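Visitor: Have a look at the structure that comes next, please.
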Amino acid sequence: MKKIFYISSILFTSHSLLAQIPEDAIRLSWITPSGTARHQAIGGAMGSLGGEITSGFVNPAGLGLYKTSEIVFSPGLSLLKGKSNFRETNASTDRLTRFNFGTSGVVWGHPNRYGKWVSNAFSFAVNRTANFNNRIYYRGQNNESSFSEAFAEEFSNSGLSIDDVKNSNLSLGTKMAIYTYLIDTATIGGQKQVIGRPEYLANRNQELTTTSKGGITELTFGAAGNMDDKLYVGGSLGVPILNYSRERRFVESDPANDTTNEFGFSRFEEDYSVKGIGLNVKLGLIFKPADYVRIGLAVHSPTIYGLKDEYGGKMVTDVERLFGPNDKGVDSITSDYYFGSSAESFKYDLISPWKVLVSASYVLHETENVTKQKGFITADVEYVTHKSSKFSSAEENGDDSYYKGVNNGIKQVYKNAFNFRVGGELKFKTIMTRLGFALFGDPYKQSELKARRMNLSGGLGYRNKGIFVDLTYVHSLNKDVNFPYRLADKPNTFADVKDSNGNVLLTVGFKF
C-alpha cells in the first residue's frame, strides 16, 4: 500500500475554469527530447561536440564548427508499452505504435577570409522536443479512500447550498457528483455533513485508463561564430508549439455487488486538451583548451508559453435503490449541462524552468578534416529548475489567486534535478558505430515518490561524398507515479507506472 500526504490544499480541488495542477508544469519540463539519429545514438550528449544540426536545441555554439552547408531529414517510429502497480495489483497496456520525428532542417556554413572569426553558420531546424503519446492503465481494490471524497471535500469547504451549485465556481467533477448523487448532504450526530456514498463501503474497486496524444514541436533559428578554431559562440531562438490531448476514465464500484447500500458504481470521464505557442532563447560557447579536448557551456532560458485549454466530461452513477425499490438508480450528466457545449475553454500563461548545461568531449585524432577523425567520447551534465515553473492568468480581468496556490504546490511537490548524458563514436573510414546512455533525474521532492527516465541507445552511420545516413535504436526505461485523485485530510494513494519503449530513428543528410 503506497500513500503520501500533500501539504497544500490547492492540490486537492480545482476551479471549473482553472484546471491546472502541478503535473501540468512537470509535463512540459521533465521531457526527453528527440534529435537526429546520430544525436540520439550517443545519448543526446551534444553540449560540447558540435558540428551537428541538433546543436541549435542543445548548445548553439556547436553550429560554429560548420564550414559547409547541409540539409537533414529525421523520420522515426515509437513503440510504447507500459505496466503499472496499484494497491498491490499489476496491470499492463497494449503496445502503442506512433510516428515520430527528430531534428530536420538546414545549416548554412560560411568560411571567413579576414580576422580572427574564421567561419560562421546559421540554421533553421524543427524537432519533436516532447512526445506525449502514451497510455496508462491500472486497477485495484482500495479500502482506505474513495474518489468521491475529493468532491465532497470541495463542496463542503465551499459553504454553498446544493441549489447554488450549477452556476458556482466548483470543479466540473464536484458539480457532476452532486447532480448524480455520488455525494450528498446528510445529518450525522446532529450535524449536517457532506458525504461521498462509496466512502462507507468496506472496500472499493478502482480502475483508471488514460490515453494521451500530441507533443511539443519546436522551430529553432540558430547562429554561431568560430574564433581561430578555438572558441565557438552561438545563440538560438526557439518557438515551441504545444499540442496535447488526454482522455481519462476513472471507475469506482462496489466489489460486494450489494444492491442495498445505495452505491453500485460511478464512472467519471474527462476530455482535456491544451494548445499554445512559446518563446525561448539558448546561448552557449564551446572552448578548445587543447587539441582533442572540447568544453561546452549552455544556458536555456525559460520558455514563456501562451496556452488555451479545453475541458469537458461526463459522469454516470448508480445509487441503486436510493429513490425506491423499483428505481434503477442510474443517472448521468455531461458538461453540456454546465457549459452549454461539450467543453469550456480558458487561457493562461506558463513559464517553464531554466536549464544550465556543462559538457566535455575528447576527440580521437582531432583535426580540421573531420573525415580523418577516429571518433570521440562525450558527456553532458544538465541542471533543470523544475520548481521554478510558474502559472499566471491570461484572461481579461483574470484572478491570479488560484495560480498562486498552484505555484506554491509546485514548490512543495517538485525539486530541481540533474540530467546526465554520455556517448561515444568510433569511425571506420565511411562507417561509424555509436553507443549512448542518458539518465533524467527524479523531479519529486517527497522520498516516497520514485521516478526516473533512462535511455540506452546504439546506432550506425555512413559518410561518403557529401551524403550521410544514420540509423539508431533507443530503448527507454521510464518510471513515474500517477495519482487517481487527491484528498486533503488523509494519505493519498498512487500507482507506480513503468514504460518500456523503443524508438527507431533514421537520419538522411546531404552536404552542399
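The numbers here are math on the coordinates, done by the rules we state, and not lab data. Keep in mind that this is a model prediction, so the values were computed, not measured. Cβ atoms come from the backbone with ideal geometry, glycine included; neighbour counts cover every protein chain shown.
Visitor: With +1 on each Lys and Arg Cβ and -1 on each Asp and Glu Cβ, how big is the dipole of the chain about its Cα centre, in debye rounded to the nearest 20?
Guide: Around 2660 debye, computed over the chain.
Visitor: Once you keep just the Cα pairs under 8 angstrom separated by 6 or more residues, what percentage relative contact order results for the chain?
Guide: Relative contact order, the chain: 20 percent.
Visitor: Computed on alpha carbon atoms, what radius of gyration and Dmax characterise segment 3-511, expressed in Å?
Guide: In Å, with Rg to one decimal and Dmax whole: 26.3, 94.
Visitor: Something else: Is the shape of segment 215-350 rounded, prolate or oblate, going by the alpha carbon gyration tensor and its root eigenvalues a ≥ b ≥ c, with a/c under 1.5 for rounded and a/b larger than b/c for prolate?
Guide: Because a/c hits 1.5 or more and a/b exceeds b/c, segment 215-350 counts as prolate.
Visitor: Within segment 478-494, name every residue whose backbone N is under 16 Å away from a label modeled 7 Å from Cα of Asn169 along the Cβ vector.
Guide: Flagged as within label range: none.
Visitor: So which of Lys175/Lys411; Lys83/Lys450; Lys288/Lys465; Lys282/Lys387; Lys213/Lys308 end up more than 18 Å apart, counting from Cα to Cα?
Guide: Too far apart for the 18 Å limit: Lys175/Lys411; Lys288/Lys465; Lys282/Lys387.
Visitor: Taking the number of other C-beta atoms within 10 Å as the exposure measure, put Leu350, Leu435 in order starting with the fewest.
Guide: Leu435, Leu350
Visitor: Provide the descending list of Cα extents for segment 297-379 along its principal axes, expressed in whole angstroms.
Guide: 86, 28, 21
Visitor: Rounded to whole Å and ordered largest first, report the semi-axes of the equivalent ellipsoid of segment 156-253 derived from its Cα gyration tensor (root of 5λ).
Guide: With the √(5λ) rule applied to segment 156-253, the semi-axes are 54, 18, 14 Å.
Visitor: Let me ask you something else. Multiply the residue gap between Ala290 and Lys230 by 0.36 nm, knock off their C-alpha separation, and tell me the result in nm, one decimal place.
Guide: Contour length minus Cα-Cα distance gives 20.7 nm.
Visitor: Among Val319, Ser245, Gly436, whose Cα projects farthest towards the positive end of the dipole of segment 3-511, with charges put on the beta-carbon of Lys, Arg (+1) and Asp, Glu (-1)?
Guide: Value computed over the given set: Gly436.
Visitor: Still on this structure, I have one more. Of Ile53, Ser145, Ser92, which is farthest on the positive side of the dipole of the chain, counting Cα position, with +1 on Lys and Arg Cβ, -1 on Asp and Glu Cβ, and the Cα centre as origin?
Guide: Value: Ile53.
Visitor: Work out, in µm²/s and without decimals, the Stokes-Einstein translational diffusion coefficient of segment 376-443 at 4 °C, 1.567 mPa s, Rh from Kirkwood over C-alpha pairs.
Guide: D = 84 µm²/s.
Visitor: Shifting gears a bit: When the dipole is taken about the Cα centre of segment 266-326, and only Lys, Arg (+1) and Asp, Glu (-1) are charged at their Cβ, what size is it in debye, to the nearest 20?
Guide: Roughly 440 debye, rounded to the nearest 20.
Visitor: Additional query: Considering amide H positions built from the backbone, and no H for Pro or chain starts, which residues 5 or more places from Leu364, or on another chain, come under 5 Å of its amide H?
Guide: Counting only residues 5 or more places away or on other chains, the set is Lys374, Gly375, Phe376, Ile377.
Visitor: Cross-link candidates for Lys275: which aspartates and glutamates have Cα within less than 17 Å, leaving aside residues fewer than 8 places away along the same chain?
Guide: Glu23, Asp24, Glu218, Glu247, Asp309, Glu310, Glu344, Asp349, Glu395
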